[in-house]
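Notes to accompany the following structure.
The values are calculated or read from the model by the stated rules, or taken from the named source; none is laboratory data. Since we're looking at a predicted model, the values are computed, not measured. Neighbour counts run over all protein chains shown; Cβ positions are idealised from the backbone, glycine included.
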Amino acid sequence: MKRSLVRASRWVGGCVALAGACFSAVAAPLELTGQPLGVEQVVAVAAGLQPVSVQPAARARVTQGFEVVLAAARAGMPVYGLTTGVGWNKDRQALVKNGALDPDLLTASQRFNIGTLRAHAAAVGPWLPDDAVRAAMVLRLNLLLSGAAGVQPAVADQYAAFLNAGITPLVPARGSIGEADILQSSHIGLALAGEWQVRWRGERLPAAVALQRAGLKPVQLVGKDFLSIIGDNSLMLGRAALVLHGARQWLDRETVVFALSLEGLNGNVAPFLEASVAARPRPGFVAAAAQLRNALVGSALWQADDARPLQDPLSFRTMPHVLGNARAALEAAEDEFAFESAHSGDNPQVVLSAGTLTAGAATTASQSARYLVPGTSAAIVPAASFEALPVVAALERLSLALAHVASSVASTVYRFENPEITHLPRFLTAPGNPGHGFGAVQKSVAALTTEIRSLALPVSLDEATLAGNIEDKTNNAPLTVQRLQEIVDLLYPLASLQLLHAAQAVDLRPGFKQGSQTQALQRAYRARVPFVAQDRILSPDIEAGAQLLREGWPGAAGVTSASKPVATAGAVHE
């Protein structure tokens, strides 16, 4: 998949308001077509920086898919969630009989839809942040546009209306084991139908009240609408988009922090010279090495120095490869995200053009022919496309790669204690200062690194068997995303501790000429955290450094005059 689908062009927002429909005058709507979405596109809508619109041709596919569902209902086809129950109740007739649709049957369908949503609205825990829910909604809307879900067009319209009006359903953070976010997404479905609770313009309201004030009406769910709302992994994917955005931002900024650390060490540029890269041109390493060279343009590290050792400790020498490995893992996860953003996870799936379904079948009595909808060229096929294991595997790979970066960061920080390596005072104490320097600080480095390593351990293999032994496979995708988010959150104070040492070491080298990007970081950091001339309380300094890394500084990757921090995808209490 082309990288351009993954890394969409950056957005610029002016008037930002998750609390209502307040968008920048320059923010053209993101037209949704059912094609792959990039992480940055989803983040822009999630943050309230951009409205959405639906391509007419894509909406026509939704209509076409719904007509297939109606045809199947009229024919009395056994369709999971339409003419049967769900889960262990799949053998129970739920709806149509005698082959006809009439007002009574439609009313029964509506009762079945809303009742099933109520029964499944059993998620627990604190509310997810609004941006995580909005990210899920834009992804689900985009997936509906394939027509594979078989929802009525009014459902797609309602998703768009909620996003553009700034109406955000309250969704508890826990309750999914990864084979579709059924319990959590039920809260979104209820809100679309005018039940449950939402947040609108900074206020928590009953959904019916918010809809009325926003000039909208509840959608009347029929057919398999409820199943299409809850039967996929959009909540997990939405949270993953925010985490991937944060991981890329941290990696970009950590690269400059490491470059500054290398200056503090008076280390070697040899590991990321173009000649070194050419000998082992893995794409992630190529990108990381290029970023390091750019960060150090004009640095004294490019000038020969007889006091510089021939080789640095391995944590410094291998860091370009370790950063490159993390970048490769991030790219892979973004590719999986882009794929999932445009390929329906619905069960059953509406196949609008089923010409290949009976290919090679001798007669219409074949098993595959049973899924064809009479009177159409379409089919409704039972599937397991909600299996998110490829995404989970990519996210776990990224978690492990970031943990390796964290381990290398810790090792580089520890090396600054040793005058034999740095040729600087022990623990980077100021000249003439008999204090402790940064010796005690290492315990925070070790604690953060240990926690990050524990969070990187895979959880996708933990299993549960549910629903009468029918649902006997799990992948724990939401927990994987949550743990990755926690890793990214912890990486900021860890990098701040690295920055504390790097900036101190550079200042202990009077007259040292810095690179263009490292100098910009040093100046921005010193505007918040002064040189440690004597022992002082360092906790505020560590938090100030972490906040600088979260917000960025002039010249930092991803920072524009209109940028603002994006909320994390972790759960929050109200």
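So here's what we get for this one:
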item: Residue within segment 520-539 that is modelled with pLDDT of 95 or more, closer than 12 Å to L260 by Cβ, of a type in the set (A, V, I, L, M, F, W, C) and within 25 Å of the chain's Cα centre (by Cα) present; result: no
item: Meets criteria (within 26 Å of I177 (Cα to Cα) and buried (at least 24 other Cβ atoms within 10 Å of the Cβ)) for A259; result: no
item: Residue ranges of helices (runs of 4 or more DSSP H) in segment 309-415 with at least 1 members at pLDDT 85 or above and over 27 Å from A279 (Cβ atoms); result: 319-340, 389-415
item: Within segment 27-40, tally of residues that are of a type in the set (S, T, N, Q) and closer than 16 Å to A247 by Cα; result: 0
item: Residues satisfying the stated conditions in segment 266-283, i.e. in a loop (DSSP other than H, G, I, E, B) and within 18 Å of A307 (Cα to Cα); result: N266, G267, N268, V269
item: Qualifying residue in segment 97-104 (condition: within 27 Å of V54 (Cβ to Cβ) and modelled with pLDDT of 90 or more); result: no
item: Scope segment 203-221; condition among the small types (G, A, S) and under 31 Å from the mean Cα position of the chain (by Cα); matching residues; result: A207, A208, A210, A214
item: Sole exception among (1) free of Cβ contacts under 8 Å to residues at least 60 places away in the same chain; (2) within 21 Å of Q41 (Cα to Cα); (3) not polar (S, T, N, Q) for G175, by number; result: (2)
item: Qualifying residue in segment 233-244 (condition: surrounded by 22 or more Cβ atoms within 10 Å (Cβ to Cβ), of a type in the set (S, T, Y) and within 30 Å of P419 (Cα to Cα)); result: no
item: Test result for Q41, polar (S, T, N, Q) and either modelled with pLDDT of 95 or more or touching a Pro at 6+ places or on another chain (Cβ under 8 Å) (or both); result: yes
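Condition check ((1) closer than 29 Å to P382 by Cβ; (2) free of Cβ contacts under 8 Å to residues at least 24 places away in the same chain; (3) among the small types (G, A, S)) across all residues:
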residue: A210; (1), (2), (3): no, no, yes
residue: R213; (1), (2), (3): no, yes, no
residue: L216; (1), (2), (3): no, no, no
residue: V222; (1), (2), (3): yes, no, no
residue: D225; (1), (2), (3): yes, no, no
residue: I229; (1), (2), (3): yes, no, no
residue: G238; (1), (2), (3): yes, no, yes
residue: L244; (1), (2), (3): no, no, no
